[in-house]
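J.: Please read through the structure below; I'll follow up with questions.
The values are calculated or read from the model by the stated rules, or taken from the named source; none is laboratory data. Since this is a predicted model, take the numbers as computed values, not measurements. Positions of Cβ are generated from backbone atoms using ideal geometry, with glycine treated the same way; all protein chains shown enter the neighbour counts.
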Amino acid sequence: MSSTTLTQKQALAFATPAFIALLPFLGACLYILRFSLSAEKGSIDGVSLQAYRDLMTPFFGRSVWLTLKLAFVASAVVMLLAVPLAFLLTSLRSAAARRLLTVTILLPMILNLLVQAYGWILLLGPSGALNTLLKTLGLIDRPLFLLFNETGVLLGLIQTSLPLAVFPIVGAVRAVSPEHLEAASSLGAGHWRILRDVTLPLLRPPLVGAASIVFAFNASAFAIPLLLGGRRVQMMGVAIRDMISPLFNWSGAAAAGTVLILLTVLVLVVSAWLVRITTQKTGG
Amino acid sequence: MRIALLPTEAGGSYRLTILLLASLGVLVSALPVLVVTIMSFSASDTSGFPPEGYSLRWYGDVARMFLEEDTSSAQSVVDSTLTSLLIAVIVMGISTAVCVPLAYALARGQRRVRAGMELLFTLPLVFPLVMLGIAFLLIAESLALDLGLWRIAIPHVVLVLPFVLRNCLSAMNGISVEIEEAAISLGASPLRAIWDVVVPLMRAGILAGLIFALIISFNEFTITFFMYTIDVSTLPIWMYSRTVSSLDPSTLALSVFIIAADVLLIVLVDRLIAGKGNLF
Amino acid sequence: MTYSMTRRSLLKTSAGAAAALAAPSILSAGDMMFAGKEVRLLTWSDNTGLAVLENIAKPFEEMTGAKVIADRTGSTSEMVAKLRAAGDKPQYDLITLAGVGAVELAADGLLSQPDLNQLPNLADVDPRFRTGADGHGIGYLLWTGGLIYNTKTFKEPPKSYAEMWDAAHSGRLFLPPSTWTDALDTIYATDRMMGGDGTNAEAAFAKLADLRQNLLTFGENPAQLSELFRSDALDIGGVYAPAFFADELANPEKSNMGATYDVEEGFFADLMYTIMPKSKPGADDVVHAFMNYTLDPKVQGVMAEAVLNGPINQKAEMSEAAKASPFIVKPEQLNEKAIVHDKSFIADVREQWITQYQQTLS
């Protein structure tokens, strides 16, 4: 063992502060889990599985399906946009251009969601700029409905989670050693081939990592379906909010939250596992 | 040179596709902000895009909000902004201080442990925020302690941990063990080697983490909505009570102002940590 | 049930009114009797909350020297959630909220009963609207809901909720979100439209399902609705409160918005309350004085005009414009057309209706 490999004790010492910071969260998790098993709806009292049993309705099932579907599609599109953005960001030579692009990508995290939704309505609403333009050009008779449905929610999810994907990928792209690429290039491989055979395989773990984060983030979204889905797109986050606030079914919300978390964690674990076995294969 | 990732010239369909997708990404990120910014310069008080004339009158309103005493909310916009800033700085400091050593331990530790830990520290991201908000509120209320600012700061630290850790970890990826070993062979103690060699190399990742922590904490709404009190409230909460009543151009002007404040903070952190012309 | 309760408390209030007559005007201008004292108020985040600050809190401060610290965030159900979580350590002295919220919090035992003897203005309040929630809520203003329509589409105000089903409004309809009381009103109105008494939910839901083609969005956010009307993307919607759109309704050429209560099936009125949590942080006298001041004839008149809520003080001083305004419902207009829900019935069906409404329409 060289001196730079950590002993278990050292590793633990290095990790302890982060655990302490995470402690309130773990407390909250246990609290939620306990609440989901409560026999009462508004307080923790007794033990019962009733809250989970109450979730077994076709409506909740559809909500789960819709949540997973939208989160998945949004993650796929985000990755399709994030990788080129990361390539662009790392290849810009001018520092000013790099700063500008960085800030632009971060914008969706900064601006109040209500105000952003307002921006989208002005652009894509039934009488927004786009529909007006298409109508004037005579391309459509009736407005295109791009908001207040699944399309609107997808757009919002993509927009808000894009920064989450771009920056980890930028970090990973920086770490790709140029020698690999130059070697491939000197062998006469075209850009698409290098991308397929060299860059993407090298980037696979961070790419899957970024996609998982985006997926998890989107699966728990609630403000976007509320504002851009016109409340018509019943994702689980919205269902949970409804249970908390007007229905005061806190144990039900805790149960639904637990189900959502378990599902997301399952997806994360499976994708991490897939990365492991595929990289082992290509590595071997 | 990154020529192979995005060729500066030639490259045909590859270059075109990458650029096209990247511009689509930029468009999706920036369009609503652009519209809102344009609208905030509108000369009339009714909305409608694009506006018929332009003026700075709404920015005058915003300036007045900050200068005059404001009775429309529990806390004035100045107090809320200061509280938000203070919380964001605390959150930045704590989250980075705990994540750098953890990232180091994970990068140098066992792979299996690392996967598990990464997952554990991703969890705050997975939780529906409303649920987390009410849980934190119920716990805080049952503690019978006056937590003051920490009511909001502690949940914020939790929220930013996944981002800060990810960034630190990806920074650690590129740092090989050999560099440290070289430092140690030159007589540095292992801790010294980490501090003098590894941490500076992680700078870009640390910086990215700091900026994420800053932005997320400064703009966080959902959990803060449950946790704020009359005495400790933040700018997004103040902003919320405005936007619900109306989306007049002065609210938009205020949004643009907040974006400007965020950008300023980002640049400031960038300068402080990275020195001149690094990373961003 | 609500009414018998009101009658009982009426006896008490008359005694209070007599006492008040003996000691004229507890509150007089320039009397800084509460200097240094604080009132912590929780109210709505929308324009109605803003109006509370401008028209109630500010003059109260000027008159009494007390400081009103207002938290202006949340809807009624969010207020209830916060107060429930805080339990016996509330940070507020007073909360203004919808009737349902007061009833729920009172049932949880979180509220104290205000001393009616310290509320002389109650004597002038329409007896039906003095107290509620088992004496824990003091009447405040009337929240009224009807139809909101596009003045470009409708030359004449629509006369029936049935208009919402018209295929001409395909993709141009909004409905209240399931989480609002207005959604329950919509279900009720639908059943009335079908000839029922408002309580046959099954028939109403079957009919509501047909609205899916027309529905553009749920009106979660009034500012968003206002923008959609302005850009001529919506035709009609309801049951919804004109209160959100005081400015827009005054200016239909710009906003395209109109509202009407004159609907065949009736309109909806809900009494809002001021409540006082147990173990509140503030002093009893200043908190009661504030509560009393919300019922002041001038205040009631100004508030009615500002946010189109119905005044409950029969002596409310309103401008001629406000008196003539079709959007402000006066107590004497609460005839057979006004539907005031039986709170116990609503409490029984609420959960079921909210869930089914969401499932039927989304």
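Table: residues versus (1) among the hydroxyl-bearing types (Ser, Thr, Tyr); (2) modelled with pLDDT under 90.
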| residue | (1), (2) |
| --- | --- |
| A:SER212 | yes, yes |
| A:ALA223 | no, yes |
| A:ARG232 | no, yes |
| A:GLY252 | no, no |
| A:LEU263 | no, no |
| A:SER271 | yes, yes |
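J.: Out of region B:140-154, which residues are without any contact (Cβ under 8 Å) to a residue 60 or more places away in the chain and over 23 Å from B:LEU165 (Cβ atoms)?
T.: Selection gives B:GLU141, B:SER142, B:LEU143, B:ALA144, B:LEU145, B:ASP146, B:LEU147.
J.: Being of a type outside the set (Asp, Glu), part of a loop (DSSP other than H, G, I, E, B) and away from chain A (no Cβ under 13 Å) is the filter here; which residues of region C:330-362 pass it?
T.: Of everything in region C:330-362, those that are of a type outside the set (Asp, Glu), part of a loop (DSSP other than H, G, I, E, B) and away from chain A (no Cβ under 13 Å) turn out to be C:LYS330, C:LEU334, C:ASN335, C:LYS337, C:VAL340, C:HIS341.
J.: Would a scan of region A:136-150 turn up a residue that is closer than 29 Å to B:SER241 by Cβ and at the interface with chain B (Cβ under 10 Å from one of its Cβ atoms)?
T.: no
J.: Quick one: is B:VAL35 modelled with pLDDT of 85 or more and part of a helix (DSSP H, G or I)? Break it down stepwise before answering.
T.: Numbers: modelled with pLDDT of 85 or more: yes; part of a helix (DSSP H, G or I): yes.
Here the answer is yes, as B:VAL35 does meet what is asked.
J.: Take region B:96-125 and flag every residue that is at the interface with chain A (Cβ under 7 Å from one of its Cβ atoms) and either not hydrophobic (A, V, I, L, M, F, W, C) or not in a helix (DSSP H, G or I) (or both).
T.: B:PRO101, B:TYR104, B:ARG108, B:GLY109, B:THR122, B:PRO124
A quick yes/no check of all residues on (1) modelled with pLDDT of 90 or more; (2) within 19 Å of A:ALA219 (Cα to Cα):
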{"site": "A:ALA71", "(1), (2)": "yes, yes"}
{"site": "A:ALA86", "(1), (2)": "yes, no"}
{"site": "A:ARG93", "(1), (2)": "no, no"}
{"site": "A:LEU111", "(1), (2)": "no, no"}
{"site": "A:LEU122", "(1), (2)": "no, no"}
{"site": "A:PRO126", "(1), (2)": "no, no"}
{"site": "A:LEU134", "(1), (2)": "yes, no"}
{"site": "A:ASP141", "(1), (2)": "no, no"}
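J.: Return yes or no: is A:VAL214 under 21 Å from A:THR67 (Cα atoms) and either out of contact with any Phe, Trp or Tyr (no Cβ under 7 Å at 6 or more places or on another chain) or not basic (Lys, Arg) (or both)?
T.: Spelling it out, A:VAL214 is indeed under 21 Å from A:THR67 (Cα atoms) and either out of contact with any Phe, Trp or Tyr (no Cβ under 7 Å at 6 or more places or on another chain) or not basic (Lys, Arg) (or both).
J.: Out of all the residues in region B:207-217, which are closer than 17 Å to B:THR81 by Cα and facing another protein chain (nearest Cβ under 8 Å)?
T.: B:ILE215, B:ILE216
J.: Among the basic types (Lys, Arg), in contact with a helix residue (DSSP H, G or I) (Cβ under 8 Å, 6 or more places away or on another chain) and surrounded by fewer than 19 Cβ atoms within 10 Å (Cβ to Cβ): does that describe B:ARG114?
T.: Working: among the basic types (Lys, Arg): yes; in contact with a helix residue (DSSP H, G or I) (Cβ under 8 Å, 6 or more places away or on another chain): yes; surrounded by fewer than 19 Cβ atoms within 10 Å (Cβ to Cβ): yes.
It is true that B:ARG114 is among the basic types (Lys, Arg), in contact with a helix residue (DSSP H, G or I) (Cβ under 8 Å, 6 or more places away or on another chain) and surrounded by fewer than 19 Cβ atoms within 10 Å (Cβ to Cβ).
Let's see how each residue does on (1) on the phi > 0 side of the Ramachandran plot; (2) in a helix (DSSP H, G or I); (3) not small (Gly, Ala, Ser):
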{"residue": "A:PHE215", "(1), (2), (3)": "no, yes, yes"}
{"residue": "A:ASN218", "(1), (2), (3)": "no, yes, yes"}
{"residue": "A:ALA221", "(1), (2), (3)": "no, no, no"}
{"residue": "A:ARG231", "(1), (2), (3)": "yes, no, yes"}
{"residue": "A:PRO246", "(1), (2), (3)": "no, no, yes"}
{"residue": "A:ILE261", "(1), (2), (3)": "no, yes, yes"}
{"residue": "A:THR264", "(1), (2), (3)": "no, yes, yes"}
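J.: Output the residues belonging to region B:82-114 that are within 18 Å of A:ARG276 (Cα to Cα) and of a type in the set (A, V, I, L, M, F, W, C).
T.: Those that are within 18 Å of A:ARG276 (Cα to Cα) and of a type in the set (A, V, I, L, M, F, W, C): B:LEU106, B:ALA107, B:VAL113.
J.: Sort out for me the helices (runs of 4 or more DSSP H) sitting completely within region A:1-102 that have 2 or more residues that are of a type in the set (Phe, Trp, Tyr).
T.: Helices (runs of 4 or more DSSP H) meeting the threshold: A:8-36, A:58-91.
J.: Right, another one. Within region A:84-101, how many residues turn out to be in contact with a helix residue (DSSP H, G or I) (Cβ under 7 Å, 6 or more places away or on another chain) and at the interface with another protein chain (Cβ under 8 Å from one of its Cβ atoms)?
T.: Matching residues across region A:84-101 total 7.
Here is a yes/no grid of residues against (1) part of a helix (DSSP H, G or I); (2) touching a strand residue (DSSP E or B) at 6+ places or on another chain (Cβ under 7 Å); (3) within 13 Å of chain A (Cβ to nearest Cβ); (4) touching a residue at least 60 places away in the same chain (Cβ under 8 Å):
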residue: C:PRO59; (1), (2), (3), (4): yes, no, no, yes
residue: C:ALA70; (1), (2), (3), (4): no, yes, no, no
residue: C:GLY74; (1), (2), (3), (4): no, no, yes, no
residue: C:LYS82; (1), (2), (3), (4): yes, no, yes, no
residue: C:ALA85; (1), (2), (3), (4): yes, no, yes, no
residue: C:GLN91; (1), (2), (3), (4): no, yes, no, yes
residue: C:ILE95; (1), (2), (3), (4): no, yes, no, yes
residue: C:VAL103; (1), (2), (3), (4): yes, no, yes, yes
residue: C:PRO114; (1), (2), (3), (4): no, yes, no, yes
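J.: Moving on. I'm trying to understand the selection: among the residues of region B:233-247, which are part of a loop (DSSP other than H, G, I, E, B) and facing another protein chain (nearest Cβ under 9 Å)?
T.: The answer is B:SER233, B:SER246, B:LEU247.
J.: Right, here's the next one. On the basis of being touching a residue at least 24 places away in the same chain (Cβ under 8 Å), assigned to a loop (DSSP other than H, G, I, E, B) and not β-branched (Val, Ile, Thr), does C:ALA183 make the cut?
T.: Judged against the criteria, C:ALA183 is not a match.
J.: Could you grab me the full set of residues in region C:116-125 that are touching a strand residue (DSSP E or B) at 6+ places or on another chain (Cβ under 8 Å), farther than 25 Å from C:LEU50 by Cα and buried (at least 22 other Cβ atoms within 10 Å of the Cβ)?
T.: Within region C:116-125, the first condition is being touching a strand residue (DSSP E or B) at 6+ places or on another chain (Cβ under 8 Å), and the residues that meet it are C:116, C:119, C:121-122, C:124-125.
Narrowing the set further to residues that are farther than 25 Å from C:LEU50 by Cα leaves C:116, C:124.
The one that is touching a strand residue (DSSP E or B) at 6+ places or on another chain (Cβ under 8 Å), farther than 25 Å from C:LEU50 by Cα and buried (at least 22 other Cβ atoms within 10 Å of the Cβ): C:LEU116.
J.: Now, a different point. Against the definition (in contact with a helix residue (DSSP H, G or I) (Cβ under 9 Å, 6 or more places away or on another chain), within 19 Å of A:LEU22 (Cβ to Cβ), within 10 Å of chain A (Cβ to nearest Cβ) and surrounded by fewer than 23 Cβ atoms within 10 Å (Cβ to Cβ)), how does B:ILE179 come out, yes or no?
T.: Values: in contact with a helix residue (DSSP H, G or I) (Cβ under 9 Å, 6 or more places away or on another chain): yes; within 19 Å of A:LEU22 (Cβ to Cβ): no; within 10 Å of chain A (Cβ to nearest Cβ): yes; surrounded by fewer than 23 Cβ atoms within 10 Å (Cβ to Cβ): yes.
In short, no.
J.: Let me ask something else about it. Filter region A:197-230 down to the residues that are β-branched (Val, Ile, Thr) and touching a residue at least 40 places away in the same chain (Cβ under 8 Å), then identify the one that is surrounded by the fewest Cβ atoms within 10 Å (Cβ to Cβ). It would help to see each step written out before you state the result.
T.: Quick first cut of region A:197-230, residues β-branched (Val, Ile, Thr) only: A:198-199, A:208, A:213-214, A:224.
This time we only want the ones that are touching a residue at least 40 places away in the same chain (Cβ under 8 Å), so: A:208, A:213-214, A:224.
Details: A:VAL208: 19, A:ILE213: 23, A:VAL214: 29, A:ILE224: 28.
Filtering first and then ranking leaves A:VAL208.
J.: Something else: Restricting attention to region A:231-247, which residues are within 7 Å of chain C (Cβ to nearest Cβ) and either without any contact (Cβ under 8 Å) to a residue 60 or more places away in the chain or over 19 Å from A:TRP65 (Cα atoms) (or both)?
T.: Correct list: A:ARG231, A:ASP242, A:ILE244, A:SER245, A:PRO246, A:LEU247.
J.: I need the full set of residues from region C:285-329 which are free of Cβ contacts under 8 Å to residues at least 40 places away in the same chain and part of a helix (DSSP H, G or I), in order please.
T.: Scanning region C:285-329 gives C:LYS298, C:GLY301, C:GLU305, C:GLU320, C:ALA321, C:ALA322, C:LYS323, C:ALA324.
J.: State whether one or more residues within region A:248-265 are surrounded by 24 or more Cβ atoms within 10 Å (Cβ to Cβ), among the β-branched types (Val, Ile, Thr) and more than 14 Å from chain C (Cβ to nearest Cβ). Write out each step before concluding.
T.: Initially, region A:248-265 is screened for residues surrounded by 24 or more Cβ atoms within 10 Å (Cβ to Cβ), giving A:250-257, A:260, A:264.
After this cut, where a residue has to be among the β-branched types (Val, Ile, Thr) as well, the list is A:264.
Next cut, more than 14 Å from chain C (Cβ to nearest Cβ) only: A:264.
Within region A:248-265 (the criterion being surrounded by 24 or more Cβ atoms within 10 Å (Cβ to Cβ), among the β-branched types (Val, Ile, Thr) and more than 14 Å from chain C (Cβ to nearest Cβ)), the answer is yes, since at least one residue qualifies.
J.: Is region A:122-134 home to any residue that is among the β-branched types (Val, Ile, Thr), in a helix (DSSP H, G or I), more than 7 Å from every other protein chain (Cβ to nearest Cβ) and out of contact with any helix residue (DSSP H, G or I) (no Cβ under 7 Å at 6 or more places or on another chain)?
T.: Within region A:122-134, one or more residues are among the β-branched types (Val, Ile, Thr), in a helix (DSSP H, G or I), more than 7 Å from every other protein chain (Cβ to nearest Cβ) and out of contact with any helix residue (DSSP H, G or I) (no Cβ under 7 Å at 6 or more places or on another chain).
J.: Give me a count of the residues in region C:161-180 that are farther than 21 Å from A:ILE244 by Cα and part of a loop (DSSP other than H, G, I, E, B).
T.: 4
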